[in-house]
Amino acid sequence: MTAVLITNDDGISSPGLCELARVAMGLGLDVTVAAPRSQSSGASASILGTHEDGSIRFAPQRLDSLPDARAFAVDAAPGLIALVAAHGAFGAVPDLVLSGINRGANVGRAILHSGTVGAALTAGVNGARGLAVSLDVGMDPLVEHWSAAAPLIERVLPLILDAPTGTVYNLNVPNTVEPCELREAPLAHFGIVQTTMTAPGSGEEGGVRLSVADFPADQDPGSDANLLDAGFATITSITSVADAPERVMVGSRTG
């Protein structure tokens, strides 16, 4: 049976996490849930979470909506959870890491900073496959339609399981109960939000503040941000750190 790790960056109590686990269990996969004990958004692929003695602590967790699920609350970021799972920390080494369902879209090159995406990419560089799933709920949603992602996850999972190890996809779903078309899309130049620096500090003990604002999706026609804004679900094949094809020859020494 295919071993699957379910994680996220919104924390073990997130309803999106339970929905993702429910879908995977419904497909007959061998599911283990291991997610941060608390919010870890923006953690990227961070491996922070070890205590002073070097341990990574976790404990069994009962999920009210999935009482039969094997689940753990972990004092670690999702990237570290995916990393230790690859070494058998939670039982069987996963063939697939499903990360999400994130509260909010993860589109564009800004996914570099996403803990949801970071866990999926960590799986990819450790001999598994990864799928990051996010729901485009916006900044202040009245309702969150977690089940909207289910049919799309069910559609793409068999394809991902048949793909080579190291394959990682990023899936974004509109927050609607209406069926939506799935489109393959490249990453937008940045994402659906952009950050600018305000109140720059001065002196040796200065500080800065980041301001978050909407990024016009129509600036990148055909991108994941643009198509998601138009009501499509989007899926993008992504890769982690790798050698760039271009090389600058600076000598024969490599050390």
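Points to keep in mind about this one:
- In segment 1-38, residue farthest from residue 91 (Cα to Cα) [restricted to those that are among the polar types (S, T, N, Q) and surrounded by 20 or more Cβ atoms within 10 Å (Cβ to Cβ)]: 14
- The C-beta contact set for segment 20-39 (first residue in contact (Cβ under 8 Å) with a residue 24 or more places away in the chain and on the phi < 0 side of the Ramachandran plot, second residue of a type in the set (Ser, Thr, Tyr) and part of a strand (DSSP E or B), distance under 7 angstrom, 6+ apart or interchain) comprises 34/7; 35/7.
- Test: residue 55 is out of contact with any Gly (no Cβ under 6 Å at 6 or more places or on another chain) and without any contact (Cβ under 8 Å) to a residue 12 or more places away in the chain: yes
- Restricting attention to segment 134-180, the residues being of a type in the set (Val, Ile, Thr), touching a strand residue (DSSP E or B) at 6+ places or on another chain (Cβ under 9 Å) and under 25 Å from residue 28 (Cα atoms) number 7.
- Any pair with Cβ under 8 angstrom, 6 or more apart, that starts in segment 1-18 at a residue that is assigned to a helix (DSSP H, G or I) and ends at one that is surrounded by fewer than 23 Cβ atoms within 10 Å (Cβ to Cβ) and of a type in the set (Ser, Thr, Tyr): 15/65; 18/65
- Condition check for residue 254: at pLDDT below 95 and in a loop (DSSP other than H, G, I, E, B): yes
- The single condition among (1) at pLDDT below 95; (2) in contact with a helix residue (DSSP H, G or I) (Cβ under 8 Å, 6 or more places away or on another chain); (3) in a loop (DSSP other than H, G, I, E, B) that residue 141 does not satisfy is (2).
- Here residue 41 fits the description: assigned to a loop (DSSP other than H, G, I, E, B), farther than 21 Å from residue 23 by Cβ and either among the charged types (D, E, K, R) or touching an Asp or Glu at 6+ places or on another chain (Cβ under 7 Å) (or both).
- Exclusive hit being out of contact with any Asp or Glu (no Cβ under 7 Å at 6 or more places or on another chain), modelled with pLDDT under 80 and assigned to a strand (DSSP E or B), set 211, 202: 211
- When the criteria are applied in full, residue 23 meets the requirement of being more than 16 Å from the chain's Cα centre (by Cα) and either among the polar types (S, T, N, Q) or under 15 Å from residue 101 (Cα atoms) (or both).
- Segment 138-156 - residue that is β-branched (Val, Ile, Thr) and touching a residue at least 40 places away in the same chain (Cβ under 8 Å) and, of those, surrounded by the fewest Cβ atoms within 10 Å (Cβ to Cβ): 156
- Residue 69 satisfies every condition listed in (1) within 28 Å of residue 174 (Cα to Cα); (2) without any contact (Cβ under 8 Å) to a residue 60 or more places away in the chain; (3) buried (at least 23 other Cβ atoms within 10 Å of the Cβ) except (3).
- Here the condition is being over 21 Å from residue 144 (Cα atoms), surrounded by fewer than 24 Cβ atoms within 10 Å (Cβ to Cβ), touching a strand residue (DSSP E or B) at 6+ places or on another chain (Cβ under 9 Å) and of a type outside the set (A, V, I, L, M, F, W, C); of 91, 104, it holds for 91 alone.
- When residues of segment 153-174 are limited to those that are more than 18 Å from residue 231 (Cβ to Cβ) and aliphatic (A, V, I, L, M), the one nearest to the chain's Cα centre (by Cα): 168
- Residues located in segment 47-66, provided they are buried (at least 17 other Cβ atoms within 10 Å of the Cβ) and farther than 24 Å from residue 19 by Cβ: 47, 49
- Leading residue by the ranking (farthest from residue 101 (Cα to Cα)) among those in segment 229-246 that are within 13 Å of the chain's Cα centre (by Cα) and either buried (at least 18 other Cβ atoms within 10 Å of the Cβ) or not polar (S, T, N, Q) (or both): 238
The values are calculated or read from the model by the stated rules, or taken from the named source; none is laboratory data. This structure is a prediction, so every number in the text was calculated from the model and none was measured. All Cβ positions, glycine included, derive from the backbone under ideal geometry; neighbour counts span all protein chains shown.
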